[in-house]
1. Could you grab the pairs with beta carbons closer than 6 Å, sequence gap of 6+ or different chains, first residue in region 310-335 and modelled with pLDDT of 95 or more, second one within 16 Å of the ligand (Cβ to nearest atom) and charged (D, E, K, R)?
2. Residue check: is residue 83 basic (Lys, Arg) and in a loop (DSSP other than H, G, I, E, B)?
3. Output yes when any residue across region 310-331 is under 17 Å from residue 100 (Cα atoms), touching a Cys at 6+ places or on another chain (Cβ under 9 Å) and either basic (Lys, Arg) or part of a helix (DSSP H, G or I) (or both), and no when none is.
4. Residues of region 147-170 being away from the ligand (no atom under 14 Å from the Cβ) and either on the phi > 0 side of the Ramachandran plot or out of contact with any Asp or Glu (no Cβ under 8 Å at 6 or more places or on another chain) (or both), which ones?
5. Being in contact with a strand residue (DSSP E or B) (Cβ under 8 Å, 6 or more places away or on another chain) and either within 10 Å of the ligand (Cβ to nearest atom) or not in a loop (DSSP other than H, G, I, E, B) (or both) is the filter here; which residues of region 407-420 pass it?
6. Would you check which residues across region 248-284 are of a type in the set (S, T, N, Q) and either touching a residue at least 24 places away in the same chain (Cβ under 8 Å) or within 16 Å of the ligand (Cβ to nearest atom) (or both) and list them?
7. Looking at region 286-308, which of its residues are without any contact (Cβ under 8 Å) to a residue 40 or more places away in the chain and either under 17 Å from residue 72 (Cα atoms) or surrounded by fewer than 15 Cβ atoms within 10 Å (Cβ to Cβ) (or both)?
8. Return the only residue of 144, 63 being within 16 Å of the ligand (Cβ to nearest atom), at pLDDT 95 or above and not in a loop (DSSP other than H, G, I, E, B).
Amino acid sequence: AHLDRIAAVDGRVHAFLHVDRETTLAQARAIDERRAAGEELGPLAGVPIAHKDVFTTRDMPTTAGSKILEGWRPPYDATVTARLREAGLVILGKTNMDEFAMGSSTENSAYGVTRNPWDLERIPGGSSGGSSAAVAAYEAPLSTGTDTGGSIRQPAAVTGIVGTKPTYGGSSRYGVIAFASSLDTPGPFARNVLDAALLHEAFSGHDRMDSTSIDRPVPPVVEAARRADVNGLRVGVVKEFAGDGYQPGVTDRFTETVELLESLGAKVVEVSCPNFSYALPAYYLIAPSECSSNLARFDAMRYGLRVGDDGTRSAEEVMALTRAEGFGPEVKRRIMLGTYALSSGYYDAYYGKAQQVRTLIKRDFEAAFEQVDVLISPTTPTTAFPLGERADDPMAMYLADLCTIPSNLAGNAAVSVPCGLADGLPVGLQIMAPALGDDRVYRVGAAVER
Ligand code: GLN
């Protein structure tokens, strides 16, 4: 049924980069056989899923939305892919994304834009916009994404679904094509909080293939989603996430959610996190710095595209030609910014300073979580904006992640859940918890999603 739905609507939505009916049906049959043979399968066995094209898949191509990886067939599965296969989920295909996960609209994909199912002239969010659109358009019941600065929560918010950024190190980065390694976090998309928790639980947990993976039990997210009660819980409203730049309808839905929480017995207080105002500039130094280092591996020798290798050119010339043709403008911008920020003479002033700001933001969270159990804010300042509106204005595009970036810098857990519509478009509520407090965001999310 989902393959038929994809065939019917994906020509308009373009959530998928790769769909292969035969491979998917063969996987589904194999699961029936495992079940018939008496294998004890998990609660999601047989459920179809779409993977962001940043997770390696041994039976499907993986491009990270980039021309430089066109046609690449990974020889191995990412840990997230492998664990979900083992749990019996069936892969429908690979979803579109901003190139190397850099962006907030999926317009930076080398393979064309994805459209928001609520309004085909608007963005589905990014960078995991294919995954959010696929779930919102009922092409898939579940999907995966990665969140480096908001790339799961922001697309979830603007397409009216649930998206979680787990605690950093709570989900494995092994086999996830790297953007900014100290921030990249795989996570789930679903149409409700309990489904997201089931998916979260199915792929999370320690992985010895990822050196930053946390060797601790997965927080009880499914139990928390089932509990869905906030009576007596202390909820902090981040004072700094309000005011100019917030669409009035977004603020209204947020205020209503605060009232709902109070009516359910939560104690809501205002909390100040003064250094959050510096999160965006710190992120846009740290993330490009890490990307400039990570993307050095695309050297025209090891993977995918190779341009100008006609026997007359040096390796350096082939490398330069390949990178010039294989990378899009946003990726080049980030590599240049990052290389500059890391260069001797500027390192202390830019990268070093940004890392200090990162510590201050972490401390703001620590101070806040001494007073409250969770923090809340709108997920994004505005609803889905029109395609093309911010495509030529990187600064305007970066503002989409104003509220989501602090949790990435601190490595904390956060979720976006639907909290109503503004001018006919979905609004997201963000719930933030400390590292390893993932269960709290599900507990509160399940109580207020609507
Ligand atoms: N939009 C942010 C960026 O462009 C975040 C992306 C992400 O989380 N992968 O870097």
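1. 328/99; 331/99
2. Criteria not met by residue 83.
3. Looking for residues that are under 17 Å from residue 100 (Cα atoms), touching a Cys at 6+ places or on another chain (Cβ under 9 Å) and either basic (Lys, Arg) or part of a helix (DSSP H, G or I) (or both), one finds at least one in region 310-331, hence yes.
4. 159, 160, 161, 169
5. Across region 407-420, the qualifying residues are 407, 408, 413, 414, 415, 416, 417, 418, 419, 420.
6. Matches in region 248-284: 251, 257, 272, 275, 277.
7. Residues satisfying the conditions are 296, 297, 299, 300, 301, 302, 306, 307.
8. 144
The values are calculated or read from the model by the stated rules, or taken from the named source; none is laboratory data. Bear in mind the structure is a predicted one, so any value in this text is a computation, not a measurement. With ideal geometry, Cβ positions are generated from the backbone for all residues, glycine too; neighbour counts draw on all protein chains shown.
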